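Single-structure report; data block below.
The values are calculated or read from the model by the stated rules, or taken from the named source; none is laboratory data. As the structure is a prediction and not an experimental result, all values here were calculated from the model. Backbone-built Cβ (ideal geometry, glycine too); neighbour counts: all protein chains shown. For accessibility, only protein heavy atoms count, side chains too; no ligands or nucleic acids. Shrake-Rupley method; radii C 1.70, N 1.55, O 1.52, S 1.80 Å.
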Amino acid sequence: MNPLTISQVAVRQDASGRYCLNDLHRAAMARGTATVSQRPGTFMKRPETAALVAAIKKRCTGQCIDPVWTVKGGPQAEQGTFVSKTLVIAYAMWIDADFHLDVIEAFDSMQTASLGLWQQLQAAIAQEVESKVRASFGSHLMLERKKEKAPLLARIESLNAEIQPALPLH
């Protein structure tokens, strides 16, 4: 699947599918819509964000992942604050209306691309099933032919003999 890309900045995802807010901030800065004061840390400290995280956790069933995961230390490429899609949209809305719209459109584009792959997969599966059906039908026809071949050849030989009687050789 293609990564979420906003303002030509690819937004990293962790192994659980959360998105990196630091990459989103970089994309917003590239557009000129975010300020230094709108860093992910500032967003995460807001009471509204804490309430949203609590609401997400409240609705979570047994199989849910934590909506926020912060990686400090280790390789620079793995560091950052990783959040659920809901928090990505909330962060974008906090930045600015145009950036919010960019994020929504990027998610829509990503979903459309994966839908195209899904449709291609379904077409390939249908083609494989059709091929199996044709092969099975062909195999069935070959068995019928094998059963009919000997009687047909005998009948042809008999009819040939009747049409062209043997000439006596003296």
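Miscellaneous remarks
- When the charge dipole of the chain is built from unit charges on Cβ atoms (+1 for Lys and Arg, -1 for Asp and Glu) and taken about the Cα centre, the candidate among A150, I125, G74 whose Cα reaches farthest toward its positive end is G74.
- 0 to 90° range, to nearest 10: angle between helix 21-31 axis and the chain longest Cα axis: 80 degrees
- Förster radius 25 Å - calculated FRET efficiency between I65 and Q8 (Cβ-Cβ, nearest 0.05): 0.35
- Spatially proximal lysines relative to K132 (Cα-Cα < 27 Å; intrachain offsets below 8 disregarded): K146, K147, K149
- Within a straight-line Cα-Cα reach of under 29 Å, K57 can be paired with the following lysines, leaving aside sequence neighbours fewer than 8 residues apart in one chain: K45, K72, K85.
- In this structure the chain gives 72 Å² per residue of accessible area when probed at 1.4 Å with all protein chains present.
- Accessible surface of the chain, 1.4 Å probe, proportion on carbon and sulfur as whole %: 58 percent
- Cα long-axis angle, helix 47-59 against the chain (0 to 90 degrees, to the nearest 10): 40 degrees
- Cα centroids of the stretch 4-20 and the stretch 104-156: 38 Å apart.
- Across the chain the C-alpha pair distances fall into 10 Å bins from zero in the proportions 8, 24, 20, 9, 7, 6, 6, 6, 6, 4, 2, 0 percent.
- Seen against the Cα atoms of the chain and their longest principal axis, helix 85-95 is set at about 40 degrees.
- Taking Cα centre as origin and charging only the Cβ of basic (Lys, Arg, +1) and acidic (Asp, Glu, -1) residues, the dipole magnitude of the chain rounds to 540 debye.
- I89-L121 FRET efficiency (beta carbon distance; Förster radius 25 Å; 0.05 resolution): 0.35
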